[in-house]
1. Quick one: which helices (runs of 4 or more DSSP H) lie wholly within the range 60-122 and hold at least 3 residues that are open to solvent by 10 Å² or more (accessible area, probe 1.4 Å) and closer than 20 Å to A31 by Cβ?
2. Which one of these is surrounded by 15 or more Cβ atoms within 10 Å (Cβ to Cβ), closer than 23 Å to T119 by Cβ and at pLDDT below 90: A31, A12?
Amino acid sequence: MALRNGRPRRAAAHGLIALALASGTNAVFKALPPSRPRPEQLSFLRFGPPESGSSSLPSGHSASAAAFATGVALVSPGLGAAVIPVAAAVGYSRVHTGAHWPSDVVLGSALGIGAALLTKNCGQASQALPACRRLMLFGGSGSWTF
């Protein structure tokens, strides 16, 4: 998407901006002490090797996937229809492999969707909003024209 001019590139850029915001917010949640064991720490639910000792809530993979897919869909609904099933598969895989509880994936996805909605107008409002200007990943001119 990023290699094509116009709407596909804007969609990719918005997806990446939303992903960056969701990842940063998720890092704050992960810094909190673990409140419950990950499913993988329970031997009867383990499908693979244990991951980390951090909290399982929220799922960072799900947050990132949902943020990118929603960001793309807000700019280009057609491209969004192609990437949303991939984001849903990421969430499913986190539960299926025992890395997260379903509630972790739901909260992570909500976090990602919220991040995309918060950055929805960054392209148009980046001159007026310094926070949006700092989120711009490409160019730095404060516009979505790539």
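The values are calculated or read from the model by the stated rules, or taken from the named source; none is laboratory data. Please read these numbers as outputs of a predicted model, since none were measured by experiment. When we count neighbours, we look across all protein chains shown, and the Cβ atoms used for this are built from the backbone with ideal geometry, even at glycine. All accessible areas refer to the heavy atoms of the entire protein, side chains included, with ligands and DNA or RNA removed. Shrake-Rupley method; radii C 1.70, N 1.55, O 1.52, S 1.80 Å.
1. 60-75, 102-118
2. The unique qualifying residue is A12.
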